[in-house]
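The values are calculated or read from the model by the stated rules, or taken from the named source; none is laboratory data. The structure presented is a predicted model; accordingly, all values stated were derived computationally and were not measured. With ideal geometry, Cβ positions are generated from the backbone for all residues, glycine too; neighbour counts draw on all protein chains shown. Accessible surface is based on the protein model in full, side chains and every heavy atom, while ligands, DNA and RNA are left aside. Shrake-Rupley method; radii C 1.70, N 1.55, O 1.52, S 1.80 Å.
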Amino acid sequence: MNRSVWIDRPGELVVREAEPATPGPGEALVRVAWSGICGSDREIMQGTRPAEYVRYPVVPGHEWSGRVAAVGDGVGADLVGAPVVGEGIRSCQVCAACRRGDTNLCDGPYEETGFTQPGAWSDHVLVPARLLHRLPETADLRAAAGLEPAACVAAACLKLAVHPGERCAVVGAGMLGLLAVQLLRAAGAGEIVVVHTRRDRSALAAQCGADSLVLPSQLDSLAGSFDAVLEAAGAPGTAHNAVSLSRRGGRVALTGIPASDDQPLDPVSLVLNEITVHTVFGAPPRAWTHAVRAFASGALDPGLLVTHDVALEDAHEAFRILAEERHKAVKVLLAP
């Protein structure tokens, strides 16, 4: 049997059993090893995700790892048994954005695993085989479940194009920020400073490769001194803080989406200082490839950031942890 966690409507979660799906042409059935929970899953549960980006009832789970259990027609049999992760956005493949390789910006109807299609809060997940990324046979699948957020951060790092020796800042020391630290260190950053609201993330930031952690109240002394800045907090004022840290002619990548912001960016300052501002929404295939390669080489370890894991049938507990222990929780995983 196949157990799945369903959110039938906001606030209503239930575990159901059914027969595993049979993969059709071009599909793969993956036995889920680990599945993550993030802020967008909380939006599904709370009913705050924009209506066009969720379809109830839904099995959440867009961050996951596992092994291929079966494949449909047109998929190589050698994929069966392979450890994999998978992209979530099911793009149309024919629009201009898709043909550019920007599948995260697909102009077709929105379809994504865990939001409009059944996700990996389940014993098995059925996905288009073309979206799978194969991992080394000895890969740590618990750590690999963090490759979806790592791909999103990789998209930002690719846009920043950090050169060896450059001075970098990361705003936010949550999952995305600390994955960014690892990828920037792997790119050869000469110094990495993390900005966070609490000093208790200092040790973990250092473990990920940061040189120091500072509080937002300390930013005045650092203004204008970084070649590249990656914002990964998504809180009011963090985009403004990120830009303020950039040197003249520097680069900034924004990944967070604050609910509101009372410190909008100043176009005059951006122009006079020739600051390049990039934005990131999701992850195209090139970012997935970057993250998977960094993981396979040992340069990226999302496992450092896993703070809690709970059984699949205890998904309610995962939501409780995120709500009540958010300062301790970095990444919470479900284990089918």
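Regarding the range 182-193, can at least one residue be identified that is of a type outside the set (A, V, I, L, M) and touching a Pro at 6+ places or on another chain (Cβ under 8 Å)?
In the first step, residues of the range 182-193 are kept if they are of a type outside the set (A, V, I, L, M); the result is 182, 185, 188, 190-191.
Remaining after also requiring touching a Pro at 6+ places or on another chain (Cβ under 8 Å): 188, 190.
Yes, that holds for at least one residue.
Quick one: how many residues across the range 82-104 are open to solvent by 10 Å² or more (accessible area, probe 1.4 Å), among the β-branched types (Val, Ile, Thr) and either touching a strand residue (DSSP E or B) at 6+ places or on another chain (Cβ under 7 Å) or touching a residue at least 40 places away in the same chain (Cβ under 8 Å) (or both)?
2
Could you check the range 163-184 and list, in sequence order, the residues that are touching a helix residue (DSSP H, G or I) at 6+ places or on another chain (Cβ under 7 Å) and surrounded by fewer than 24 Cβ atoms within 10 Å (Cβ to Cβ)?
As a first pass, look at the range 163-184 and keep what is touching a helix residue (DSSP H, G or I) at 6+ places or on another chain (Cβ under 7 Å): 168-173, 175-176, 178-184.
If the condition is that a residue be touching a helix residue (DSSP H, G or I) at 6+ places or on another chain (Cβ under 7 Å) and surrounded by fewer than 24 Cβ atoms within 10 Å (Cβ to Cβ), then no residue fits.
Hand me the list of helices (runs of 4 or more DSSP H) wholly inside the range 211-316 holding 3 or more residues that are open to solvent by less than 60 Å² (accessible area, probe 1.4 Å).
On the way: elements: 238-245, 267-272, 285-297.
In the range 211-316, the matching helices (runs of 4 or more DSSP H) lie at 238-245, 285-297.
Go through the range 19-46 residue by residue and tally those that are under 26 Å from Ala323 (Cβ atoms), outside any helix (DSSP H, G or I) and of a type outside the set (S, T, N, Q). Walk me through it before giving the result.
Step one: filter the range 19-46 for residues under 26 Å from Ala323 (Cβ atoms), giving 32-46.
Remaining after also requiring outside any helix (DSSP H, G or I): 32-38.
Retained after the next criterion (residues that are of a type outside the set (S, T, N, Q)): 32-34, 36-38.
Final tally of qualifying residues: 6.
Among the residues of the range 322-331, is any open to solvent by less than 60 Å² (accessible area, probe 1.4 Å), more than 17 Å from the chain's Cα centre (by Cα) and acidic (Asp, Glu)?
Checked against the condition, which is being open to solvent by less than 60 Å² (accessible area, probe 1.4 Å), more than 17 Å from the chain's Cα centre (by Cα) and acidic (Asp, Glu), the range 322-331 yields at least one hit.
Residue pairs, Cβ under 6 Å, 6 or more apart or interchain, first in the range 155-167 and in contact (Cβ under 8 Å) with a residue 60 or more places away in the chain and within 17 Å of Arg293 (Cα to Cα), second part of a loop (DSSP other than H, G, I, E, B) and of a type in the set (S, T, N, Q). List them.
Filtered contacts from the range 155-167: Ala156/Thr255.
How many residues, within the range 91-136, are out of contact with any Asp or Glu (no Cβ under 6 Å at 6 or more places or on another chain), part of a helix (DSSP H, G or I) and over 28 Å from Asp78 (Cβ atoms)?
5
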